[in-house]
Amino acid sequence: MPKAIYILNGPNLNLLGTREPEIYGSDTLADIEKSCVKNAKEAGFEIVFKQSNIEGELVDMIQEARDKASALIINPAAYTHTSVAIHDALKTLDIPAIEIHLSQPAKRESFRRRSYVAEAVTGTISGFGANSYELGLQAAIKLLKT
Ligand code: DQA
């Protein structure tokens, strides 16, 4: 069994399902986790799925992934647009890292157009609702298999 694929989630994503469903959809984070675990298992991978509202905890999770993960998928939520600490932590990784968003930040308020994360990851997937997680997972698995 290869090392797990880490999927990390930032602030307020614990409220998915009830939080602005017109933007983020009606799936809960638990629904998304369940479908990621199922899809990864079919491809022979394990998932470690975590969420925190606290920036430093997300940095700790990224550092943990340096040793324990084969790839990292992250929805940094609002920290996408503010966090040099998360940018710096991602820069220490030598595994594939994929930034994902449910919504398409480029189409929203101007403060969401800046991503500190985009400069530190392999690639970004955004705008596909809960499917962004599935597409991010597919991208990670493809990178790991080639
Ligand atoms: C988000 C987009 C961010 O701008 C926002 O702060 C979030 C969620 C998304 O998944 O669309 O919390 O990362």
In whole Hz, what ³J(HN,Hα) sequence does the stretch 113-125 give by Karplus (6.51, -1.76, 1.60; θ = phi - 60°), x for Gly and Pro?
-> 6, 8, 10, 6, 7, 3, 6, 10, 10, 5, x, 10, 10
Alpha-carbon Debye profile of the stretch 51-120, log10 I(q)/I(0) at 0.14, 0.18, 0.19 Å⁻¹ | -0.39, -0.64, -0.71
Exposure rank, largest accessible area first [K3, K34; 1.4 Å] | K34, K3
Could you please state how large a percent of the accessible area of the chain is carbon and sulfur, counting protein chains only and using a 1.4 Å probe?
-> 50
Which entries in K38/K107; K50/K91; K38/K91; K34/K142 show an alpha-carbon gap greater than 23 Å?
-> K38/K107; K38/K91
Counting each DSSP H run of 4 or more residues in the chain as -39500 (n - 2.57), what helix-only mean residue ellipticity at 222 nm follows after dividing by all residues, to the nearest 500 deg cm²/dmol?
-> -11500 deg cm²/dmol
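When each pair of different Cα atoms in the chain is counted once in the 1/r mean, what is the Kirkwood radius in angstroms, to one decimal?
Taking the inverse mean of 1/r over all distinct Cα pairs, the chain comes out at 15.0 Å.
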Output ³J(HN,Hα) for the stretch 129-146: one whole-Hz value per residue in order, computed from phi by the Karplus curve 6.51 cos²θ - 1.76 cosθ + 1.60 with θ = phi - 60°, and x for Gly and Pro.
-> x, 4, 5, 4, 5, 4, 5, x, 5, 4, 5, 5, 5, 4, 4, 6, 8, 10
Karplus ³J(HN,Hα) for the stretch 43-54 (6.51 cos²θ - 1.76 cosθ + 1.60, θ = phi - 60°; Hz, whole; x = Gly/Pro) runs 9, x, 10, 9, 10, 10, 10, 9, 9, 8, 8, 10
With every protein chain kept in place and a 1.4 Å probe, the stretch 4-145 has an accessible area per residue in Å² of 49
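If the chain between I23 and R113 were fully stretched, how many nm would it gain, using 0.36 nm times the residue separation less the Cα-Cα distance?
So the chain would gain 30.8 nm between I23 and R113.
Within 10 Å, count the other beta carbons around each residue, average over each peptide in 8-17, 110-119, and list them highest first. Mind showing how you got there, number by number?
Values: 8-17: 19.0, 110-119: 14.2.
The most tightly packed comes first, giving 8-17, 110-119.
The values are calculated or read from the model by the stated rules, or taken from the named source; none is laboratory data. It should be emphasised that the depicted structure is a prediction, and the values quoted were computed from it without experimental measurement. Note that each Cβ is placed from the backbone with ideal geometry, even for glycine, and that neighbours are counted across all protein chains shown. Quick note on the areas: whole protein, heavy atoms, side chains included, nothing else; ligands and nucleic acids left out. Shrake-Rupley method; radii C 1.70, N 1.55, O 1.52, S 1.80 Å.
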